[in-house]
Amino acid sequence: MQALTQIDNFLAAIGRSVIGICAAVGRVVIFAAIAISHMVRPPFYPVEFLHQVMRIGYYSLPVVGMTALFTGGALALQIYAGGARFNAESVVPAIVAIGMVRELGPVLGGLMVAGRVSSSIAAEMGTMRVTEQIDALTTLSTNPMKYLVAPRILAATLCMPILVAVGDVIGIMGGWAVGIYRLNFSGATYIQNTIDFLQPIDIWSGLVKAAVFGFIVALMGCYHGYSSGRGAQGVGRATTNAVVSASVLILACNYALTELFFST
Amino acid sequence: MTGTPPPRIAFREVTKSFGPKEVLRGVTLDIPVGESMVIIGGSGTGKSVALKTVLGIIPHDGGTIEIDGVAVGRTRRDDFLSRFGMLFQGGALFDSLPVWQNVAFRLRQGRDRLSKSDARDLAIEKLRRVGLKADVADLFPAELSGGMQKRVGLARAIAAEPEIIFFDEPTTGLDPIMSGVINELIREIVVEMGATAMTITHDMSSVRAIADKVAMLHDGKIRWTGPVDQIETSGDPYMDQFLHGRAEGPIEAVR
């Protein structure tokens, strides 16, 4: 009898967790749907959007650029070491290019921006929630979803592909620098191999991933900040949850998108 | 046929719960046009919740709230909100905007928005009205003292000349002299604008300075309501205990 009760409690605990996860997913989906609906309905806030483009896009360039540069360099060394086992050192330019453009550029860029932007958005909006600034916006006839959330998500979604494109170029240049100064490749041959090997699908699949990751980064920051609990602890928790959930979602979506693009 | 005009704000058996906790348990209260009503009560008795239910920031569960006889939610939201101004407890000024843009925020929204220069001029005029100089206009809220932030919040609340103004704990965190100044300003502005005011406070000096009428909220219900000059002689044990700050009485004090 006691064993049955324990099994019952165990199943109930699993059930509660599943219901909790479903409810959380539902809340995020509804939040995202409302945010998207506000992106396409006036009034629009272009000044706020441009402000977020600067903050999310422009000021993230150094972080994404440095990440791509060192990743490209390290990738060239690793591929050279691996390729040498099969006498295939010449594949370094091609694999660095495809690795950066299809995978590492968007994923590492997304994770770095998640750390920088998701946390910042969640902390800012959480503080606005706690200090009643979001309520104040409502009393001033301004919809917070339209004024705060929509411009951030739109800016991140549009800026991430540009950031990742710049990061891809810097990453390939990092591989090129290591290739010619450390691995004795010819500079012109390296670049020619890169250009010859890359196909349009490699580039646009990476940029589509970047746009999705940008959306996730801003959505998680806004959602957790907007629904932040009270006090400093609530804002701290919102910030942590934003970064963790954005990072996990980026990795999960990366796999799903890679599967999608795998056959192409 | 001319009847008695409906109250500007009317609560009818309004209820609100957060999970199992019943915060409002049937609040009924009328606030006539042009009257300054102060709602008093201990911390956590639902005063701020009552105020936010009117604006729809917190949706109420049961009962009705009417503005000029029309239930809230029946009119276009922007038109409805344009009738209100609100001073928040902590000011709730937007950190990222300079003072003048905070004050002129509403004036820069919507179809009839003012140009930048007109909005700035009007913001400076409102700042002067609350006793602040024009050179404050370009500062950011973080650069202001608590009293100055309250004044800026007050200027923002009155910038669009609303018909109804809400004051949520207007003197919390201020010293007694600054509290007196803010109370006087609120009274002057409400009389001058002819606005209907609803103030939430547990500061009795604010009650005496601001109120035409007082309502006592306890345990989710209005326990007593009457003119401010009758609070001393109300005969209501809840009101008496609150007024004299006694630990003994029907209101349970958590020690």
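The values are calculated or read from the model by the stated rules, or taken from the named source; none is laboratory data. Source: prediction; values computed, not measured. Backbone-built Cβ (ideal geometry, glycine too); neighbour counts: all protein chains shown. Areas reflect the complete protein model, heavy atoms only, side chains present, ligands, DNA and RNA absent. Shrake-Rupley method; radii C 1.70, N 1.55, O 1.52, S 1.80 Å.
A few comments on the model shown:
- Residue in region B:146-155 that is under 29 Å from B:L29 (Cα atoms) and either open to solvent by 40 Å² or more (accessible area, probe 1.4 Å) or without any contact (Cβ under 8 Å) to a residue 12 or more places away in the chain (or both) present: no
- Test for B:S117: is it more than 10 Å from chain A (Cβ to nearest Cβ) and exposed (fewer than 15 other Cβ atoms within 10 Å of the Cβ): yes
- Inside region B:133-165, residues that are closer than 19 Å to B:P176 by Cα and either at pLDDT 95 or above or of a type in the set (A, V, I, L, M) (or both) make up a count of 4.
- Here is the figure for region B:219-230: residues that are open to solvent by less than 30 Å² (accessible area, probe 1.4 Å) and closer than 14 Å to B:K47 by Cα total 1.
- Some residue of region B:68-82 being over 16 Å from A:T142 (Cα atoms) and in contact (Cβ under 8 Å) with a residue 60 or more places away in the chain: yes
- For region B:187-203, the candidate set comprises residues that are assigned to a helix (DSSP H, G or I) and touching a residue at least 40 places away in the same chain (Cβ under 8 Å); within that set, the residue that is farthest from B:G85 (Cα to Cα) is B:R187.
- Taken over region B:47-70, the criterion of being under 21 Å from B:K221 (Cβ atoms) and more than 13 Å from chain A (Cβ to nearest Cβ) is satisfied by B:K47, B:A50, B:H60, B:D61, B:G62, B:G63, B:T64, B:I65, B:E66.
- Some residue of region A:135-151 being more than 13 Å from chain B (Cβ to nearest Cβ), touching a helix residue (DSSP H, G or I) at 6+ places or on another chain (Cβ under 6 Å), under 30 Å from B:R83 (Cα atoms) and open to solvent by less than 10 Å² (accessible area, probe 1.4 Å): yes
- Some residue of region B:97-105 being free of Cβ contacts under 8 Å to residues at least 24 places away in the same chain and more than 9 Å from chain A (Cβ to nearest Cβ): yes
- Residue within region B:167-175 that is open to solvent by 50 Å² or more (accessible area, probe 1.4 Å) and not hydroxyl-bearing (S, T, Y) present: yes
- Listed by first and then second residue, the pairs linking a residue in region A:189-207 that is within 16 Å of A:L260 (Cα to Cα) to a residue that is of a type in the set (S, T, N, Q) and open to solvent by 70 Å² or more (accessible area, probe 1.4 Å), with Cβ atoms under 9 Å apart and 6 or more places separating them unless they lie on different chains, are A:I201/A:T264; A:S205/A:T264.
- Filter result for A:G115 (open to solvent by less than 10 Å² (accessible area, probe 1.4 Å), in a helix (DSSP H, G or I) and more than 14 Å from chain B (Cβ to nearest Cβ)): no
- Taking region B:49-166 and the helices (runs of 4 or more DSSP H) fully enclosed by it, the elements with 2 or more residues that are touching a helix residue (DSSP H, G or I) at 6+ places or on another chain (Cβ under 8 Å) and over 28 Å from B:V33 (Cβ atoms) are at B:99-103, B:116-129, B:146-158.
- For region A:118-127, the set of residues classified as open to solvent by 20 Å² or more (accessible area, probe 1.4 Å) and either within 12 Å of chain B (Cβ to nearest Cβ) or hydrophobic (A, V, I, L, M, F, W, C) (or both) consists of A:A123, A:E124, A:T127, listed by residue number.
- Given (1) under 20 Å from the mean Cα position of the chain (by Cα); (2) free of Cβ contacts under 8 Å to residues at least 24 places away in the same chain, number of the condition A:S247 does not satisfy: (2)
- The lone exception for B:L174 - which of (1) among the aliphatic types (A, V, I, L, M); (2) in contact with a helix residue (DSSP H, G or I) (Cβ under 9 Å, 6 or more places away or on another chain); (3) in a helix (DSSP H, G or I) it fails: (3)
- Residue identified as in a loop (DSSP other than H, G, I, E, B) and away from every other protein chain (no Cβ under 14 Å) among B:V27, B:V33, B:V23: B:V33
- Qualifying residue in region B:227-242 (condition: assigned to a strand (DSSP E or B), modelled with pLDDT of 90 or more and farther than 27 Å from B:G90 by Cα): yes
For (1) at pLDDT 90 or above; (2) surrounded by 15 or more Cβ atoms within 10 Å (Cβ to Cβ); (3) of a type outside the set (A, V, I, L, M, F, W, C), each residue gets a yes or a no:
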position	(1), (2), (3)
A:G167	yes, yes, yes
A:A177	yes, yes, no
A:L183	yes, yes, no
A:S186	yes, no, yes
A:T194	yes, yes, yes
A:A210	yes, yes, no
A:A218	yes, yes, no
A:G225	yes, yes, yes
A:A238	yes, yes, no
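- Restricting attention to region B:78-95 and to residues that are over 17 Å from B:P141 (Cα atoms) and more than 8 Å from chain A (Cβ to nearest Cβ), the residue that is least open to solvent (accessible area, probe 1.4 Å) turns out to be B:F80.
- Meets criteria (more than 9 Å from chain A (Cβ to nearest Cβ), open to solvent by 40 Å² or more (accessible area, probe 1.4 Å) and at pLDDT below 90) for B:T75: yes
- Answer residue from region B:106-133, given it is of a type in the set (K, R) and free of Cβ contacts under 8 Å to residues at least 12 places away in the same chain and is farthest from A:L137 (Cα to Cα) among those: B:K133
- Options B:I39, B:I57: the member that is touching a residue at least 40 places away in the same chain (Cβ under 8 Å) and either more than 20 Å from B:K213 (Cβ to Cβ) or buried (at least 18 other Cβ atoms within 10 Å of the Cβ) (or both): B:I39
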